[in-house]
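A.B. asks: Below is a structure I'd like to ask you about.
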Amino acid sequence: MAGVENLSDRDRAVLRSIFDPTATIGEVVDDGDNFVDDDQDSTETEQQSKALCVQGVQLAEAGKFEEALTLLNKGIEVAPERPAGYNDRAQLYRLVKKDQDAIKDLDHVLQLTEGKANRARALALCQRGVLLRKRGSDDEARSAFAEAAKLGSGFAKKQVVELNPYAALCNQMLSQVMKGEKDIKL
């Protein structure tokens, strides 16, 4: 596997969308999110945790999942009250198909951020929504995305619209009308 430094901008965007579910592949620079900046790690231990987690994410992007997990675990051990570390580890768990472990980390982030309107909470809600949607729990997913949308997540806003049954019905009807129109023109 090629190193992270050899990736194209598109590859970086795809990886970013994996590690940041509020990002979309087409929006590499500006993801349209409006979060309170809660990632200003003020203490030395928080900065150390962030550095370990950044290295862990880079290893995960390079496909070195076991090494990434080791660093993410260390980052969490250094600053167990820092929600971003749990979000990063949840993403790794999602990548390696350990959805139950991801849910546990996301639940912990939601406990740590309860009553706060910040990026860590929105990210956890988005990841949770993605996992719930994967399970077929669309109502629960819609609820998670709705809260994340209120916190400023552009990704969540799109998901709320997509999960709206009336919007889906309208899209289906519009598609049928357009198909019928296309068939008539031929």
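The values are calculated or read from the model by the stated rules, or taken from the named source; none is laboratory data. Quick caveat, the model's predicted, so the values are computed rather than measured. As a convention, Cβ positions derive from the backbone with ideal geometry for all residues, glycine included, and neighbour counts pool all protein chains shown.
A.B. asks: Considering each of LYS182, LYS157 in turn, give the residue that is part of a helix (DSSP H, G or I), modelled with pLDDT under 95 and closer than 23 Å to ALA84 by Cβ.
C.D. replies: The unique qualifying residue is LYS157.
A.B. asks: While we're looking at this one, here's another question. Read through the list (1) assigned to a helix (DSSP H, G or I); (2) surrounded by fewer than 23 Cβ atoms within 10 Å (Cβ to Cβ), then give the number of the only condition that LYS97 fails.
C.D. replies: So LYS97 meets the others, but not (1).
A.B. asks: Could I ask something else about it? Taking the condition of being touching a helix residue (DSSP H, G or I) at 6+ places or on another chain (Cβ under 7 Å) and over 12 Å from GLY85 (Cβ atoms), how many residues in region 56-67 meet it?
C.D. replies: Going through region 56-67 one residue at a time, the tally reaches 7.
A.B. asks: For residues in region 100-127 being polar (S, T, N, Q) and part of a helix (DSSP H, G or I), which is surrounded by the fewest Cβ atoms within 10 Å (Cβ to Cβ)?
C.D. replies: Here the answer is GLN100.
A.B. asks: When you go through (1) farther than 20 Å from LYS97 by Cα; (2) touching a Ser or Thr at 6+ places or on another chain (Cβ under 9 Å); (3) modelled with pLDDT of 95 or more one by one for ALA144, which number turns out not to apply?
C.D. replies: So the condition that ALA144 fails would be (2).
A.B. asks: Look at region 39-88 and say how many of its residues are touching a residue at least 40 places away in the same chain (Cβ under 8 Å) and assigned to a helix (DSSP H, G or I).
C.D. replies: Residues meeting the conditions: 7.
A.B. asks: Taking the residues in region 74-94 that are of a type in the set (A, V, I, L, M, F, W, C) and surrounded by fewer than 22 Cβ atoms within 10 Å (Cβ to Cβ) as candidates, determine which candidate is nearest to the chain's Cα centre (by Cα).
C.D. replies: Per the criteria, the residue is ALA79.
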